[in-house]
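Notes for the one structure printed next.
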C-alpha cells in the first residue's frame, strides 16, 4: 500500500547473510526428465524386461561436510549430520514411568528431492509442485537436529499470543514412543565472518548407507569432489545509527529534524526568552531553548550477528566459568531478564503508554488495543546519557556525519567512534547550537557531545551513517563483487571507493539516514531590493511580464512578493464627470503583482527563470497604460517553525522594501510605466473653433495689450483615457522635416522615412524647447522620461506581435519608395497654406513639431493603423481638459504658422499614448475641418499730457482690393491693406454695457511696413479730465477690405459695389 511516505523511486532491499548453499540450475527440468526415465524403467519391470539401473536411481539423499580453514585447533572437515537420538518408550497416558532406551549415535541426511505445494486454504490453490533450485543450505547449525530456542509459528499461536514459541517435544504426545534428536558433541563447525570454507557431499543410498565421515579428504587425487574455497562474508550493510529524542518536539521539529530559532540582531537564547515568544508558547508543554539535542546510539544487531562475528566465542567450547561470564553480559540467569540497566523513557502526549510488544506503537491509556493507538505519539529520553538496552551491531564501531548546505556543497564531515567495549557501547548526544555570525557550519566532538554550530539562517542537510572497524572492508561481500577482476574499476577508483566506504560515505556499505539541522530566523536578514526589475509588455497583452533580479538574503528568505499601487484616470459616461488626478479624485488601486518561492542560493533572484518554470506576471484584464509603484516583500523561509501567533502576523515574519527615499519622496526606480499594448480608441471630435489669448498690462502711463492668435479649440466627446492615464490628443505630422531657425536641431525628428522604418519609434514625454537639445529618454516601458532609440532587445520586448506583423508584411509586399510613402501619408497628416485671396508670408512647408508650441510631448517613427507600416509619422501631443459646465473634453492647440496672414490649417488628429509598445501609440486618424488662424497683434498706448500715443504691431497681408479696382489687377501691389483705426469714446451714464459708449473722435493710424510686418501708429488728443473721470476709452479696430459678390440685400459699405469690409481685430484701453 502506498502512502505519503512511499518514495517514488527505491532500490532493491539489502541482501541478508544466510550461510552457504549448494544449488543446481534448472533442477525442476532435471527432475522431470528423471521421472520420465523411471516411469519407463517401471514399465519394463512390470513387463518382465531387463532393466539397467544407474547410481542416480538409488540415491535417497545427501550428507554435507564442511571444511573450516580457520577453525580453532587447525583446519579440518566437519559433518553437519552427526546426531544423537534419545528414544523413550511408554504410554503417555499411563501412570507407569517411561522406559528410556540407550541413545543412538548416527548420521542423518537431506532428501535429494523435496517438493512443496500450495496450502489447501490458498485462495487459488493448485496441485502444482514447486522444487527449489537450492539442494542443501547451511546457516551455522546442524542439518540433522533442530536448533535450540524458540521457533516461528503462526501469528497468535506463539507464547503470549505472539509468533514465537518454545517447542516442547513431549507436548501433545500420543504415540508410545518419544524421540528427541540432538547434535553430536563437538561435531559442528563454527560459521564465522572471515573464515574460509569448502564443501563436499556424500550420497546416501536407499538403505541409508554412504561413505563414512572422515576429517580428511575422501580422495586426494580427485579435488573436484570438493567445492572451491570460499570466504564467509557479510551481505548486510551496516545500518545507520539509531536517533532518539531527548526532548519534546517544537514547531517543525521531528526525530530527524533539529531546530533552533533566533532573529536578526538577537541570539537564540534571548529569542527564546523574548516576550513575543514566551506569550506565543503560553500553555504549551514545551519552551524554546538555545539548542536542540538528540541521542545517537549504535544500530541494533542480533545474537546471530554477534555469534557469527565471534563476539560470543567464550560461550562456545570454553570452561563453564567462561561460558557463564559470556552469557551474563546479556542475561541474568536468576531472572532470565536483560542485565543491562534501562534508562528513563518519557512519552508524548501525556497519558500515552508504551506498548506491550515491541513495535506495537504508543496507546492512549493502559489498554494496548489497536483502536487506542495514538497517531503521532512518540517516546523521548531526557537523561543526559543512555545505556543500550540491546545488542548493538558488531560491525558498527562509530558514526559518520556529513553535512551539506542547501546548494549541495559539503560543509563538514566528522567521524566519531562509539566509546566502550561491545556490547556496552556508549551512546552520545548530538547538539545543535548557534554559531558565530558569518561563519560556515561547524561540527566538533568534545566531552561526549557532537556539537553542530550554525549561523543564522543556515540549514544543513546531513547524512548520518555508521562506521565499521578498520580492516573489515574485505569481510563485506559487496566489496568482493565490486573489486572482482571482471568488473573492477580502475585502480585509482578502487582506492577512492575503499576510502569512501571506510569513512561511512558509501551507501552500499553504510546506508545513511538524513538528518536536518536548521537555524531558523523569524524574519529575513536583509530587506529586499527590486530596483533592477523592469516590466515588459507585448502588443495586445492584457498583462505585463517582468525581467531583472531582486536582491535579497536567500538563505533566510523563502518567498518574494511584489505588491503594486497606482491610480487610474477613469471616464465612465455613466458618471457625471470623470475621475482623474487633475480633479483630485483618481481611482486608487492596489494589487498583488507577482510572487515566487526562492531557492536558497538566489541572492540575486531572477524574477523570470525558464529553467524552473518561473514567470512573474501581473494581469490587468485590459491593455491600458499605468504608472505603477512596485516594492518587494520578503517572507522568512522558516515560517513553519514559528508559533502560529507569530507566523500568522506578516509584520513579524517579513522584511518590506521601503517605497520612500530618506527625503520622503517615492524612489524613482520603483515607479514604472507599464505601457499600453493596444491602439487607443478613435478620437470623437465634435467641432473646432479659432481662439486667441489676451495678455494685458494696464498699470502706469505705458500700457500694453497683446492678442496671441493661432489658437484652435477642439471639443471632444466622452469618454477619454481609452489607453490609460496621460492619453493625449496628437497632431500628426509628416516626418523628416527640418526644424525652423531658433530651434536646436533634432536629428531624431529629421530622419527620413526610410530611416524611420528601419528602427523603433522615438518618444519624448517632454516638450521640445527653443535653443535646447532634445531631451533623451529610455524606451517606452521605462519610468525615465526622455528620448532615445530603443535597443534591439528592448524593441523585441516592447513590440512583440507588432514587429512580427511588420516582418510578415515586409516579406509579402515590396518596400514603397519615398514618393509612395508621402502619397500614402498625405490624407493622414496635418497640412496648412495661405489664404488664396491674400498675399502674405507663406508658412513653412510642411509643419513640424515646432509649429505647435503648446505641445507637451512628441514622437517620431510611429505607425498608423490605416496604411502600410513602412509609412511613419511624427506627432505633437497635447493635453486634453475637462469642461465641467459643458460635460465635454476640449483641447487647445496653438499653431505657429509664422507671419502668414490668416492661413488655413487642416489638422490630422489621433489619440496619442506616449507610453505604449511599438505599433500602439496612435488611434485611427480624425481629420478636422479647415480652420483659419488669427494673427497676433500688440497694442501699446503711452498716455501723456493731453494726448495718447498708440502703436499697433503685427503682420498682415494684401489683396487686389487695395487699388479699389474691378476687375483686380493680375499683380496687386505688395503691401498690407488693412486699416487700423482708433476711436476716443465716452461712456453715457444712462446706457449700460457696451452700447453706452459714444464716439467723440476717430483717427486712422499710419501704417509703416517692412514686407508684411506692419507698425501702425498715431496720436489721439484727450479732453481735459479724461484720466480723472475714468469715463473714457480708446477703441482700436482693424478693418479688412476684400472683394465679394454683390447682392440686392447687401448694400455696399463703400463706394465700390464689389468691396466689403469686416473687423478682424478690436481692443479697448480704458483711461
- Task: Could you check how many residues of the range 68-77 are surrounded by fewer than 21 Cβ atoms within 10 Å (Cβ to Cβ) and part of a strand (DSSP E or B)?
- Result: 2
- Query: Restricting attention to the range 14-30, which residues are surrounded by 11 or more Cβ atoms within 10 Å (Cβ to Cβ) and within 11 Å of residue 133 (Cβ to Cβ)?
  - Reply: 21, 22, 23, 24, 27, 28, 30
- Query: If you go through the range 706-719 one residue at a time, do you hit one that is surrounded by 19 or more Cβ atoms within 10 Å (Cβ to Cβ) and under 21 Å from residue 676 (Cβ atoms)?
  - Reply: yes
- Note on the structure: If we keep only residues of the range 608-643 that are in a helix (DSSP H, G or I) and touching a residue at least 24 places away in the same chain (Cβ under 8 Å), then the residue surrounded by the most Cβ atoms within 10 Å (Cβ to Cβ) is 641
- Item | Exclusive hit being surrounded by fewer than 18 Cβ atoms within 10 Å (Cβ to Cβ) and part of a loop (DSSP other than H, G, I, E, B), set 237, 285 | 285
- Query: Just for strands (runs of 3 or more DSSP E) wholly inside the range 669-736: which have at least 3 residues that are within 19 Å of residue 864 (Cβ to Cβ)?
  - Reply: 728-733
- Kindly indicate whether residue 106 is farther than 18 Å from residue 189 by Cβ and either touching a residue at least 60 places away in the same chain (Cβ under 8 Å) or not in a loop (DSSP other than H, G, I, E, B) (or both). yes
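Residues checked against (1) over 30 Å from residue 142 (Cα atoms); (2) outside any helix (DSSP H, G or I):
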position	(1), (2)
9	yes, yes
25	no, yes
28	no, no
34	no, no
41	yes, no
60	no, yes
- Query: Residues in the range 907-921: is at least one at pLDDT below 90 and surrounded by 24 or more Cβ atoms within 10 Å (Cβ to Cβ)?
  - Reply: no
- Message: I need every pair where a residue in the range 362-380 that is loosely packed, with under 15 Cβ neighbours inside 10 Å has its Cβ under 8 Å from the Cβ of a residue that is assigned to a loop (DSSP other than H, G, I, E, B) and modelled with pLDDT of 70 or more, sequence separation at least 6 or different chains.
- Response: 365/351; 379/345; 379/354; 379/362
- Note on the structure: (1) in the same structural domain as residue 435 (by TED's automatic domain parsing); (2) assigned to a loop (DSSP other than H, G, I, E, B) all hold for residue 192 apart from (1)
- Note on the structure: Considering the range 589-607, residues that are surrounded by 15 or more Cβ atoms within 10 Å (Cβ to Cβ) and touching a residue at least 60 places away in the same chain (Cβ under 8 Å), and then whichever is nearest to residue 656 (Cα to Cα), we arrive at 607
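Results for (1) touching a helix residue (DSSP H, G or I) at 6+ places or on another chain (Cβ under 6 Å); (2) in the same structural domain as residue 199 (by TED's automatic domain parsing); (3) closer than 19 Å to residue 81 by Cα, shown as yes or no for each residue.
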| site | (1), (2), (3) |
| --- | --- |
| 29 | no, yes, no |
| 32 | no, yes, no |
| 42 | no, yes, no |
| 48 | no, yes, no |
| 51 | yes, yes, no |
| 55 | no, yes, no |
| 61 | no, yes, yes |
| 64 | no, yes, yes |
| 68 | no, yes, yes |
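Consider the range 725-739. How many of its residues are closer than 18 Å to residue 872 by Cα and surrounded by fewer than 24 Cβ atoms within 10 Å (Cβ to Cβ)? It would help to see each step written out before you state the result.
The initial filter retains those residues of the range 725-739 that are closer than 18 Å to residue 872 by Cα, namely 729-739.
When the remaining residues are screened for being surrounded by fewer than 24 Cβ atoms within 10 Å (Cβ to Cβ), the result is 734, 736-739.
Counting residues in the range 725-739 that are closer than 18 Å to residue 872 by Cα and surrounded by fewer than 24 Cβ atoms within 10 Å (Cβ to Cβ) gives 5.
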- Query: Within the range 273-282, how many residues are touching a residue at least 40 places away in the same chain (Cβ under 8 Å), more than 32 Å from the chain's Cα centre (by Cα) and not in a loop (DSSP other than H, G, I, E, B)?
  - Reply: 1
- Does residue 1058 satisfy the condition of being modelled with pLDDT under 80 and closer than 22 Å to residue 955 by Cβ? no
- Failed criterion for residue 835 (all others in (1) buried (at least 19 other Cβ atoms within 10 Å of the Cβ); (2) in contact with a strand residue (DSSP E or B) (Cβ under 7 Å, 6 or more places away or on another chain); (3) in the same structural domain as residue 756 (by TED's automatic domain parsing) hold): (1)
- Query: What number of residues in the range 127-148 are part of a loop (DSSP other than H, G, I, E, B) and either at pLDDT below 80 or in contact with a helix residue (DSSP H, G or I) (Cβ under 8 Å, 6 or more places away or on another chain) (or both)?
  - Reply: 5
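Does residue 875 qualify as being outside any loop (DSSP other than H, G, I, E, B), surrounded by fewer than 22 Cβ atoms within 10 Å (Cβ to Cβ) and either without any contact (Cβ under 8 Å) to a residue 24 or more places away in the chain or touching a helix residue (DSSP H, G or I) at 6+ places or on another chain (Cβ under 9 Å) (or both)?
For residue 875, the condition - outside any loop (DSSP other than H, G, I, E, B), surrounded by fewer than 22 Cβ atoms within 10 Å (Cβ to Cβ) and either without any contact (Cβ under 8 Å) to a residue 24 or more places away in the chain or touching a helix residue (DSSP H, G or I) at 6+ places or on another chain (Cβ under 9 Å) (or both) - is not met.
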- Task: Would you check if residue 647 is at pLDDT 95 or above, buried (at least 17 other Cβ atoms within 10 Å of the Cβ) and over 25 Å from the mean Cα position of the chain (by Cα)?
- Result: no
- Message: Would you confirm, using the coordinates I've provided, whether residue 798 is part of a helix (DSSP H, G or I), surrounded by 19 or more Cβ atoms within 10 Å (Cβ to Cβ) and modelled with pLDDT of 55 or more?
- Response: no
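The values are calculated or read from the model by the stated rules, or taken from the named source; none is laboratory data. Predicted model only: the values in this text are computed from it and were never measured. Note: ideal-geometry Cβ built from the backbone for every residue, glycine included; neighbour counts use all protein chains shown.
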